[in-house]
Amino acid sequence: MKIKNKTDLAKVLKNGPYAWPGGYPLFFITEDGAALSFDTVKAEIENVQHSIETDSNDGWRVATVDVNWFDSNLLCDHSGQRIESAYND
């Protein structure tokens, strides 16, 4: 899902870190291609919202949310937290 504004971001965060239907693990991708976990986006919500509002290229502007299908080594680029995968865990 493309994140176009703060409302889109709020909807995704409200629905939680798993896709419905299916329960597949989700993560955020920034405009510069970084992977961010749900925990990081929640902890850095002010930075993320500001970057979305101002169309900033500071590393916090999330562009989309996606399922981590197979990458069992995917890490959050901010926290280093491992992001769960759907099929390789």
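So the values come out like this:
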| item | result |
| --- | --- |
| Where V41 falls short, out of the listed (1) modelled with pLDDT of 95 or more; (2) loosely packed, with under 13 Cβ neighbours inside 10 Å | (2) |
| Per-region count, the range 24-38, residues among the hydrophobic types (A, V, I, L, M, F, W, C), under 18 Å from N88 (Cα atoms) and surrounded by fewer than 20 Cβ atoms within 10 Å (Cβ to Cβ) | 1 |
| Unique match (being within 20 Å of Y87 (Cβ to Cβ) and free of Cβ contacts under 8 Å to residues at least 40 places away in the same chain) among G16, G33 | G16 |
| Pick from the range 45-73, criterion crowded, with 18+ Cβ neighbours inside 10 Å and not basic (K, R), ranking: farthest from G23 (Cα to Cα) | S51 |
| Residue in the range 60-83 that is within 12 Å of the chain's Cα centre (by Cα) and small (G, A, S) present | yes |
| Any hit, the range 42-50, residues being touching a residue at least 60 places away in the same chain (Cβ under 8 Å) and small (G, A, S) | no |
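The values are calculated or read from the model by the stated rules, or taken from the named source; none is laboratory data. Values in this document were obtained by computation on a predicted structure and should not be read as measured data. Don't worry about glycine lacking a Cβ; one is built from the backbone with ideal geometry, like all the others, and counts go over all protein chains shown.
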